[in-house]
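Report on the structure given below.
The values are calculated or read from the model by the stated rules, or taken from the named source; none is laboratory data. Source: prediction; values computed, not measured. Note that each Cβ is placed from the backbone with ideal geometry, even for glycine, and that neighbours are counted across all protein chains shown.
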Amino acid sequence: MIVGVLGGGQLGRMLALAGYPLGIHVRALDPLPDAPAGALCELITGHYDQPETLARLVDNATVITYEFENVPLETARLLAQSLPVYPPPQALETAQDRLVEKSFLRQLGIPTPPFLPVDSRADLDVALAQFGLPAVLKTRRMGYDGKGQAVIRQATDADAAWDSLQGAPLILEGWVKFAREVSLLAVRSSTGELAFYPLIENEHRDGILRISRAPAPNLTVELQALAESYARSVLAALAYVGVLAIEFFQVGQYLLANEMAPRVHNSGHWTIEGATTSQFANHLRAILGLPLGATAAIGHSVMVNLIGTLPDSAAVLGVAGAQLHLYDKAPRAGRKVGHITLRADDPGVLAEQLAALQQVLDL
Ligand code: AMP
């Protein structure tokens, strides 16, 4: 069975790994000849809008999926004419534009941070007057890992924020004083079966995910149920198939949806060791219409992203319980080059493992 994947980054690589035990072959398409998935699966080098390249991707494939949300929508729509594309192109379309995404979530009754479209300097002043400070100006499209964003802390920051981002359609968001950031990974198979992982607590630095803790500490049944109810609405509205990640700001016992990713997600990497079935295995099961695997956490996990520099592998592996994942990527500032997962049955033991890892990594 062949699964065509648009994108050959580390997510494609981990999808390929999850496919092996099931005899599922991943075939990735990526513009870069040294894309990380290439070491593990068939890699087609080419652009997402080349008909002959797309023909090679779909040849004998059962289904097409994608591992990043900036895949051209036209490509997803075109491919969907010949075979299933999951998650459906409509999910891609919704997630690609922050204004469309947040409006969609609001229509479903899911709270979000306050937002207004900004198409001119005058719009920015109107939105700032409405939300107050601080506020965050974001490009509507192509933003990731904190890129395409400018925080406006005082009135005098507005000009610089506008100058740095103007030209692209923008959105201004009111600042949310959240207690923490959490994400939910939901799965829906093409047969309609649903599964949810426990909420994950995420810590970002410079707009990039640094540490995930799963299940989120002090997770209540009520908070999990609230997140799942929001996810159910999204999955149903989009006739969704595959893994869906929704990132929330937690304020008290409420959740405001910040964004969604129609794909496997960095905050779910812990599931490889820390859950009964990994997000990657469940994504493949979901898009192929196979029964989903159990999503329960096995004890407690912490996932630490390796950003910008490669660690000393021997030192990391010397930390009890540390599982090291490297993506075969050349280190570069701000680039995710790997991750480490720690897992333990007891939270106290996990804290000791994390303290030991902190001796090795600059966390
Ligand atoms: P995003 O690209 O929207 O996920 O934003 C990256 C990070 O910036 C988030 O994970 C938050 O830590 C922070 N952030 C973004 N939007 C807001 C907001 N409206 N209020 C507070 N923090 C925000």
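Here are the numbers for the structure shown:
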item: Number of the exception - P291 against (1) part of a strand (DSSP E or B); (2) within 30 Å of T191 (Cα to Cα); (3) in contact with an Asp or Glu (Cβ under 8 Å, 6 or more places away or on another chain); result: (1)
item: Evaluation of A195 against (1) within 15 Å of the ligand (Cβ to nearest atom); (2) buried (at least 19 other Cβ atoms within 10 Å of the Cβ) (one fails), failing number; result: (1)
item: Only one of L235, L288 that is touching a strand residue (DSSP E or B) at 6+ places or on another chain (Cβ under 7 Å), outside the structural domain of G7 (by TED's automatic domain parsing) and under 15 Å from A18 (Cα atoms); result: L288
item: Top-ranked residue of region 125-148 - restricted to ones that are more than 15 Å from the ligand (Cβ to nearest atom) and among the aliphatic types (A, V, I, L, M), ranked as farthest from E203 (Cα to Cα); result: V126
item: Residue under evaluation G289, criteria (1) under 30 Å from A80 (Cβ atoms); (2) surrounded by 21 or more Cβ atoms within 10 Å (Cβ to Cβ), criterion not met; result: (2)
item: Among the residues listed as N60, N70, the single one being assigned to a loop (DSSP other than H, G, I, E, B), within 15 Å of the ligand (Cβ to nearest atom) and out of contact with any Cys (no Cβ under 8 Å at 6 or more places or on another chain); result: N70
item: Among the candidates A315, A344, A351, residue that is among the small types (G, A, S), buried (at least 18 other Cβ atoms within 10 Å of the Cβ) and farther than 30 Å from M1 by Cα; result: A344
item: Filtered residues of region 149-188 (kept if within 8 Å of the ligand (Cβ to nearest atom) and touching a Lys or Arg at 6+ places or on another chain (Cβ under 8 Å)); result: Q149, E173
item: Test: residue in region 83-92 that is modelled with pLDDT of 95 or more and within 16 Å of the ligand (Cβ to nearest atom); result: no
item: Candidates E222, E203, filtered to the one that is of a type in the set (D, E), free of Cβ contacts under 8 Å to residues at least 60 places away in the same chain, surrounded by fewer than 21 Cβ atoms within 10 Å (Cβ to Cβ) and in a helix (DSSP H, G or I); result: E222
